[in-house]
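Engineer: Take this structure, written in structure tokens, and hold onto it; I'll ask about it next.
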Amino acid sequence: MSSDRIVSLVPSVTDTLARVGVADRVIGVTTYCTHGAPDAAERVGGTKNPDVQRIIALRPDLVITNTEENRPEDIQRLRDAGLTVEETYPRTVADAAKMTRRLGELVDATDVATTLADAVDAAIEEARAAAPTTRVMSLTLVWRKPWMGLGPGTYASDLLWTCGFGNVLSGYEADYPKLETGLAFGADVVLLPSEPYVFEDKDLEPVRELAGDVATRFVDGELLTWHGPRTADGLRTFSALAVELAAGIAG
């Protein structure tokens, strides 16, 4: 199956399409597609507020969306307009490998996509083998004002779990629960990603007020949350971090 005109409403998918060699077919992307988007691609708005009429006017053969990042009403409007819409929703690192293979099928780039997906599968096994015996309990924050953390049912939480981290918010049902200052989280470390909220040094004191006197680490949000070929790098990075932190705790 080949698609010559593609619109991607998912930054990590835009990155994946470039890595499988079909960036030249991408004619529309969001303002947040910072990796892999060709200069000629039209910017069609944000992930939460795409200009649906502009997308329809581009007459794409394929629109790629994501259940979490895009609103269901926008996805439905694109389908109602007769467009072919692929809705992605990887919840685990294994899902990221499957999604990469699926995208390869959709854009007639199965060989490259399979190689990239195989690398993700290999990285999963390597991370599991290297994981410390005792999990490093982590509180991963994703937003401030209000405070929000990484819940257990998310792709990023599964990536961390695979690498040897435990999620102190595992008892929450929400994917990104709101948090209150003063709760006893019981974390060994607070992870502070660079997206969607960009945590910086100025946030460290408020983080301490939220979580107590716990070690903090700034981490690459793209490696934590962007699913696809970038998953393999994410697994290697957070696997090494889990091993490092576990050694410090044990020592």
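Engineer: Considering only residues that are farther than 27 Å from N66 by Cβ, aliphatic (A, V, I, L, M) and touching a strand residue (DSSP E or B) at 6+ places or on another chain (Cβ under 6 Å), which ones fall in region 208-241?
Structural biologist: Selection gives A211, V214, A215.
Engineer: Give just the number: which of (1) touching a residue at least 40 places away in the same chain (Cβ under 8 Å); (2) open to solvent by less than 10 Å² (accessible area, probe 1.4 Å) does T14 not satisfy?
Structural biologist: (1)
Engineer: Let me ask another. Filter region 3-46 down to residues that are in a helix (DSSP H, G or I), in contact with a Ser or Thr (Cβ under 9 Å, 6 or more places away or on another chain) and among the hydrophobic types (A, V, I, L, M, F, W, C), then give me how many there are.
Structural biologist: Residues that pass the stated criteria total 3.
Engineer: Among the numbered criteria (1) assigned to a helix (DSSP H, G or I); (2) in contact with a Pro (Cβ under 9 Å, 6 or more places away or on another chain), which one does E69 miss?
Structural biologist: With (1) assigned to a helix (DSSP H, G or I); (2) in contact with a Pro (Cβ under 9 Å, 6 or more places away or on another chain) applied to E69, the lone miss is (1).
Engineer: Does region 109-130 contain any residue that is in a loop (DSSP other than H, G, I, E, B), of a type outside the set (A, V, I, L, M) and either surrounded by 14 or more Cβ atoms within 10 Å (Cβ to Cβ) or touching a Pro at 6+ places or on another chain (Cβ under 8 Å) (or both)?
Structural biologist: no
Engineer: Looking only at residues in region 196-251 that are open to solvent by less than 10 Å² (accessible area, probe 1.4 Å) and free of Cβ contacts under 8 Å to residues at least 60 places away in the same chain, which one is farthest from the chain's Cα centre (by Cα)?
Structural biologist: The selected residue is D203.
Engineer: Sort out for me the helices (runs of 4 or more DSSP H) sitting completely within region 134-251 that have 2 or more residues that are polar (S, T, N, Q).
Structural biologist: It comes to 155-163, 230-250.
Engineer: Restricting attention to region 129-167, which residues are among the charged types (D, E, K, R) and more than 14 Å from the chain's Cα centre (by Cα)?
Structural biologist: Answer for region 129-167, where residues must be among the charged types (D, E, K, R) and more than 14 Å from the chain's Cα centre (by Cα): R135, R144, K145.
Engineer: Of the residues R54, R79, R59, which is at positive phi and open to solvent by 70 Å² or more (accessible area, probe 1.4 Å)?
Structural biologist: R59
Engineer: Moving on to the next point. For T47, state whether it is β-branched (V, I, T), crowded, with 17+ Cβ neighbours inside 10 Å and in contact with a Phe, Trp or Tyr (Cβ under 8 Å, 6 or more places away or on another chain).
Structural biologist: Here the answer is yes, as T47 does meet what is asked.
The values are calculated or read from the model by the stated rules, or taken from the named source; none is laboratory data. The structure displayed is predicted, hence computed values, not measured ones. A quick note on method: Cβ atoms are made from the backbone with ideal geometry, for glycine too, and the neighbour counts reach across all protein chains shown. These area figures cover heavy atoms from the full protein model, side chains too; ligands, DNA and RNA do not enter into them. Shrake-Rupley method; radii C 1.70, N 1.55, O 1.52, S 1.80 Å.
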